[in-house]
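Okay, structure first, notes after.
The numbers here are math on the coordinates, done by the rules we state, and not lab data. Just so you know, these numbers come straight off a predicted model, no measurement behind them. Note: ideal-geometry Cβ built from the backbone for every residue, glycine included; neighbour counts use all protein chains shown.
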Amino acid sequence: MRIFDPHIHMTSRTTDDYTAMYEAGVRALVEPSFWLGQPRTSPGSFYDYFDSLLGWEPFRAAQHGIAHHCTIALNPKEAGDARCVPVLDELPRYLVKDGVVAVGEIGYDSMTPAEDTALAAQLQLAADHGLPALVHTPHRDKAAGLRRTLDVLRESVLPPERVLLDHLNEATVDEAAASGCWLGFSIYPDTKMDEQRMVRLLRLHGTQRVLVNSAADWGRSDPLKTRAVGDAMLDAGFTDDEVDQVLWRNPVAFYGQSGRLEPDLSEASAAPPTYEGNSILRGGE
């Protein structure tokens with residue numbers, strides 16, 4: 001089983017997670033830029049973080065045989081913080097980088113006017129740079145958040161086939177599917193979706209335009225939940241081809257719209273033992 005995790009925050013994970021993911025079949029991933037758990041106090045902290053998503057983290061992933069890509073954005077959680085808003089003006093210099101395959105995560109957290117502005121601006125940036133957009137639907141009041149998101153999307157120039165609506169569930173999937181956007185589902189141990197609920201939705205909606213991710217971060221999460229969904233699909237009678245579509249071909253098709261996706265880590269693209277003089281190893285022989 002080959003797996004492409006289309007939304008996972010490896011900055012928050014350990015090298016043991018990379019090893020376990022490879023053994024489970026993960027060969028490629030996308031790491032969206034996100035809130036780190038406490039408020040950033042200046043734009044410079046974003047730029048250091050973006051640089052790590054484009055440098056150190058791809059190096060670390062390659063040491064474990066996994067191709068790493070990222071999305072770049074001012075995330076919804078911090079879009080309303082006046083200290084962070086200047087990041088919007090600096091995004092274009094990151095969105096031209098080869099490793100960036102979408103603008104994201106963008107969307108809503110608390111559904112404020114400031115978040116309206118940031119979402120609209122970043123959808124325009126995605127269109128300007130020929131990139132798809134990864135849209136975070138809010139964790140609270142999801143149905144209202146999705147409707148507000150779709151209103152802004154309809155006012156943008158970015159077509160729905162270049163938008164991935166993430167963190168969907170049973171309450172939002174029908175309206176999201178009707179929009180023509182791609183459908184993203186995050187599988188968590190306790191919250192959001194689990195693998196059995198995901199299988200039930202796949203039976204109802206089919207495997208077209210569906211992406212399944214672990215969204216694993218610094219909270220209670222599991223980077224092997226993509227594999228759990230694949231196993232649950234097989235147990236429920238889905239074919240190997242259907243599993244491959246959901247866990248590999250769909251992420252490749254969506255992010256491939258960027259023209260920058262390289263999901264196969266060849267010998268030539270594998271990272272050297274060090275990155276800018278630093279190694280993931282500690283200690284000596």
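Across segment 175-192, coupling constants 3J(HN,Hα) worked out from phi with the 6.51/-1.76/1.60 Karplus curve, θ = phi - 60°, read 5, 5, 5, 5, 6, x, 7, 6, 10, x, 10, 9, 9, 10, x, 10, 10, 6 Hz, and Gly and Pro carry x.
Pairs of Cα atoms nearer than 8 Å and 6+ residues apart set the relative contact order; for the chain it is 21 percent. With N the number of residues in the chain, Rg(Cα) / (2.2 N^0.38 Å) evaluates to 0.95.
The residue 190 and residue 249 beta-carbon pair, evaluated with R₀ = 25 Å, returns a calculated FRET efficiency of approximately 0.25. Would you kindly state the longest site-free stretch of the chain, with sites defined as trypsin sites (Lys or Arg not before Pro) in a DSSP loop (not H, G, I, E, B) surrounded by at most 11 other Cβ atoms within 10 Å? Between the exposed loop sites, the longest stretch runs 1-139. Test of understanding: in a Gaussian network model of the chain with alpha carbons linked when under 10 Å, which of 128, 48, 98 would top the mean-square fluctuation ranking? It is 48. Between residue 102 and 72, the built amide H atoms are under 5 Å apart, and every one of these is 5 or more places off in sequence or on another chain. Between residue 83 and residue 200, residue separation times 0.36 nm minus the direct Cα-Cα distance comes to 37.8 nm. Across the cross-link table entries 97/225; 77/142; 97/192, which are compared at the Cα atoms, the separations over 21 Å belong to 97/225; 97/192. With Cβ to Cβ distances under 14 Å as the rule, what net charge do the other residues near residue 200 carry (K, R +1; D, E -1)? Here the count lands on -3.
Comparing 35, 182, 248 in a Gaussian network model of the chain (Cα springs below 10 Å), the most mobile by mean-square fluctuation is 35. For segment 85-190, DSSP calls about 0 percent of its internal beta bridges antiparallel. Distances between placed amide hydrogens fall under 5 Å for residue 211 paired with 183, 184, 185, all partners being 5 or more residues away or on another chain. Remark on residue 265: its backbone amide H falls under 5 Å from those of 67, a criterion applied only to residues 5 or more positions apart or on other chains, H modelled at 1.01 Å from N.
What the phi angles of segment 254-265 give under the Karplus curve with 6.51, -1.76 and 1.60, with θ = phi - 60°, is a coupling list of 5, 6, x, 5, 6, x, 10, 6, 10, x, 9, 8 Hz, glycine and proline written as x.
Highest GNM mean-square fluctuation among 92, 263, 273, for the chain modelled with Cα contacts below 10 Å: 273. Determine the percent antiparallel among the DSSP beta bridges restricted to the chain, to the nearest 5. The answer is about 5 percent antiparallel. With both labels modelled 7 Å from their Cα along Cα-to-Cβ, the residue 234 to residue 97 distance reads 3.6 nm.
Karplus-based coupling profile of segment 242-248, in residue order and whole Hz: 5, 5, 5, 4, 5, 8, 9, with θ = phi - 60° in 6.51 cos²θ - 1.76 cosθ + 1.60 and x standing for Gly or Pro.
Taking 0.36 nm per residue of sequence separation and removing the Cα-Cα distance, the residue 19/residue 41 pair yields an extension gain of 4.5 nm.
So, counting K/R as plus one and D/E as minus one, what does the shell of residues with Cβ under 15 Å around residue 137 add up to? Taking every other residue near residue 137 into account, the sum is -4. Summing charges over neighbours of residue 183, with a neighbour being any other residue whose Cβ is under 11 Å away from its Cβ, gives -2 when K and R count +1 and D and E count -1. For a Förster distance of 30 Å, can you work out the FRET efficiency between the beta-carbons of residue 208 and residue 116, rounded to the nearest 0.05? It comes out at approximately 0.50. A Förster radius of 22 Å combined with the Cβ-Cβ distance from residue 241 to residue 174 puts the calculated FRET efficiency at roughly 0.30.
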